[in-house]
């Protein structure tokens with residue numbers, strides 16, 4: 001039996017995204033506990049979730065364009081949300097993405113888990129997909145984490161939108177042959193990190209887990225780069241204040 005602090009195993013589903021709303025959308029709005037939303041359910045709906053997709057041919061419980069807000073669920077509805085190969089297709093503008101994140105925050109309960117899975121932006125599949133509107137990475141999601149360190153020159157989106165999605169887990173899933181080489185001890189984490197920066201198709205996807213905090217946690221993370229460093233030309237000092245890029249955990 002799952003306890004409040006335990007982890008559920010997620011089944012990763014198809015790449016739904018967005019579309020027009022259908023009729024009778026409220027038939028599947030209210031389900032018994034636990035309340036799960038499977039947003040972008042595609043051809044792999046979950047029997048234990050409210051399955052949402054834009055395409056009538058996949059037979060979702062709710063036919064809905066996730067770019068259209070507000071969503072047809074009350075506040076504090078969901079205990080768990082899946083956005084698997086979905087979020088990178090939503091929010092064609094930064095303003096729309098922020099509206100979607102505000103809506104996701106609204107429908108989640110305090111402590112809810114949001115599981116995201118997105119194609120790695122340096123994989124050919126991402127580069128060749130004309131429907132993808134932006135990369136979804138741990139760094140992008142940390143913009144909506146109220147306590148994550150932030151750069152002084154980037155808008156703190158958590159504060160601007162009054163949301164708080166804590167990044168509690170981030171994994172990088174490697175492609176072959178790199179995954180096999182890591183499992184055999186032929187590549188170190190440092191070597192993999194360099195490959196991720198210099199080559200395409202090293203990683204297949206990001207898997208990121210978020211935890212919803214309602215209300216947002218008090219206080220705000222301080223900026224990790226100071227205007228004074230730039231004003232005085234202290235480029236080395238400014239770069240030293242920026243922590244290494246979040247790489248997550250290399251899946252073996």
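Read-outs: derived from the displayed coordinates by stated rules, not from any lab. Just so we're clear, the structure is a prediction, and the values are computed from it rather than from any experiment. Don't worry about glycine lacking a Cβ; one is built from the backbone with ideal geometry, like all the others, and counts go over all protein chains shown.
Numbers below:
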quantity: Burial order of peptide ranges 60-67, 172-179, 124-131 (average beta-carbon count within 10 Å, highest first); calculated: 60-67, 172-179, 124-131
quantity: At R0 = 41 Å, FRET efficiency that the Cβ-Cβ distance of residue 75 and residue 125 yields, to 0.05; calculated: 0.70
quantity: Stokes-Einstein diffusion coefficient of the stretch 20-177, Kirkwood radius over Cα pairs, 20 °C, 1.002 mPa s, in µm²/s; calculated: 130 µm²/s
quantity: Percent of alpha-carbon pairs separated by more than 13 Å within the stretch 85-144; calculated: 65 percent
quantity: Net length gained if the chain between residue 43 and residue 151 were fully extended (0.36 nm per residue, minus Cα distance); calculated: 34.9 nm
quantity: Rg and Dmax [Cα atoms of the stretch 112-204; Å; Rg one decimal, Dmax integer]; calculated: 15.5, 45
quantity: Distance between modelled label sites at residue 95 and residue 162, nm, 7 Å Cα→Cβ extension; calculated: 1.9 nm
